[in-house]
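Encoded as structure tokens, the structure appears first; notes follow it.
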Amino acid sequence: MLFNSLEFVVFFPIVFAFYWLARQNVKLQNAILVVASGVFYAWVDWRFIFLIGFTAILTYITGRALLSSRQNRGRKGYIIVNIIINLAILGFFKYYNFFIDSFNDAFRSMGVTLDMPTLQLILPVGISFYTFKAISYSVDLYKNKIVGGHNLLSVLCYLMFFPQLLAGPIEKARDLYPQFLQPRSFNYSQAIAGSKMIIWGLFKKVVIADTACNIVNSIYGDIGGYNSSALLICAVLYSFQIYGDFSGYSDMAVGIGKLFGIESKKNFNLPYLSRDIAEFWKRWHISLNTWFVEYVYIPLGGSKVSKFVTIRNTFIIFLLSGLWHGANWTFICWGFYHALLFVPLLLLNKTKRFGKYEVGKSITLKEWLNILLTFVLVTIGWIIFRSPDISVAFDYIKRLFDLSDYGMPNINPKRLFIILECMMAIIFVAFMEIKHKTSDVVLSFASQYRIVNFIGYIAVTIWAILFYSVGQTFIYFQF
């Protein structure tokens, strides 16, 4: 079930009504959320329920055993069991065929026919997200960062909370889980803020991402049929498509959570205003990056070791991040590419040279040049990310540097008009986010004038409705 589907329009108000009729009754509210999340997930494929149910029960049982164990060795044993089983399930469904195909290809290149069989597996939607949440719960419980209680219903709520179930954000257990242990009362201000975030997220998804999607898919479907000018337009459009799609989903997920009295941290913070790659990774998919830093990078020694080990840890994190996104060499190369861009900043101790933007202070010319360079580097990375295989990605990038192939974009005139519409929406979003120095534009837009505020949101909503297209899924559902 998609946030931008007609089914969700029917589903949401029913769940919302029953949930708040049970106000102050924590167990009943949690039970309603679990049932609703089950229906929400089963709408995608009812078989997925059994897998996430197993993950939740495993997490609960190992957590209970961990809490009852007094010996540190026993506690470590339970957390290791949880991590290994969860990663094994994720690895089987997501990477089994990828590694089998890679082994077959490797032996074939040496003249040996191996032909190990692949399986007809269906990748459970959201498995990468809830698996990482399950690991977060076990680690935080082991480190005594979760207080308030340990029960199966709350664990189910944490893992299955439907706004975050399909594509995150990956909230750490110590931040999200305790909220399911506390009584929740309806808060009008929180609900209004959540509604505004939903509208803004829907706008970015429908008007920017879905509009750009049509152009991007058509060009990637016939790269050889377009000149370099068209490929350049496509590359830029995809950068904004994936931002509008994923940040739009995250805004809606956080906003829907607010309507149920649940707070989540922002997942994006003006990533395309980053002044170098290090800053980009502090602003893009924040929940995943902080997860890798806390649960992988720091345990490996982080940056408090030798330069060599720090560089090794950096490459491990970026390669794992690429692999997390999908079973394809393009994702691994994308991670490797970003590691190569990050390491020079690490060696020069410049990974923390930029602070937060100050509201009311203009961005300097030097900063704009840094922003442009970073955007170009990130966009090249997105070409690798979006391409079906490595050879296509390299050919695409090579053609962008072929100056003789530039000219009037050989794109259908009707599609050029669609591109113009999309660019208008991109400029609008960029203007609002740059003006307020935050992705949370909806929380500050024209707040001093209520009537202007109201009219603004009505206009944005109408704009989104006019561009609405049934069935446009979210990019990150495939991860």
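Derivation of every value follows stated rules applied to the coordinates shown; laboratory data play no part. Everything numeric here is computed off the predicted structure, so don't read it as measured data. When we count neighbours, we look across all protein chains shown, and the Cβ atoms used for this are built from the backbone with ideal geometry, even at glycine.
General observations
- Cα convex hull volume per residue for segment 159-221 (Å³): 110 Å³
- Residue-wise HN-Hα couplings along segment 35-46, as the Karplus relation 6.51 cos²θ - 1.76 cosθ + 1.60 with θ = phi - 60° gives them from phi, are 4, 4, 5, x, 5, 4, 6, 5, 4, 6, 6, 4 Hz; Gly and Pro carry x.
- Cross-link reach list, aspartates and glutamates versus Lys282, counting only Cα pairs under 18 Å and skipping chain neighbours closer than eight places: Glu171, Asp251, Glu294, Glu358, Glu367, Glu433, Asp440
- Under-18-angstrom lysine pairs by C-alpha in segment 109-232, whenever the two are 8 or more apart or on separate chains: 7
- When the alpha carbon gyration tensor of segment 66-203 is reduced to an equivalent ellipsoid, the three semi-axes, largest first, read 37, 25, 10 Å.
- Scanning residues 5 or more positions from Asn267 or on other chains, none has an amide H under 5 Å from its amide H, with H placed 1.01 Å from N in the peptide plane.
- Each principal axis of the Cα cloud of the chain was evaluated for its coordinate range; sorted largest first, these ranges are 70, 70, 46 Å.
- The helix-only estimate of mean residue ellipticity at 222 nm for the chain, built from DSSP H runs of length n ≥ 4 each weighted as -39500 (n - 2.57), is -21500 deg cm²/dmol after division by the residue total.
- Working note: Karplus 6.51/-1.76/1.60 with θ = phi - 60° gives segment 159-170 the couplings 7, 9, 3, 4, x, 9, 5, 8, 8, x, x, 8 Hz, where Gly and Pro are set to x.
- For q = 0.10, 0.16 Å⁻¹, Debye-computed log10 I/I(0) when each Cα of segment 223-333 counts as one equal scatterer: -0.42, -0.94
- Both radii are taken from the alpha-carbon atoms of segment 291-434; with Rh as the Kirkwood radius, Rg/Rh is 1.03.
- DSSP loop GluC sites (Glu not before Pro) with at most 15 other Cβ within 10 Å excluded, longest remaining stretch of the chain: 1-262
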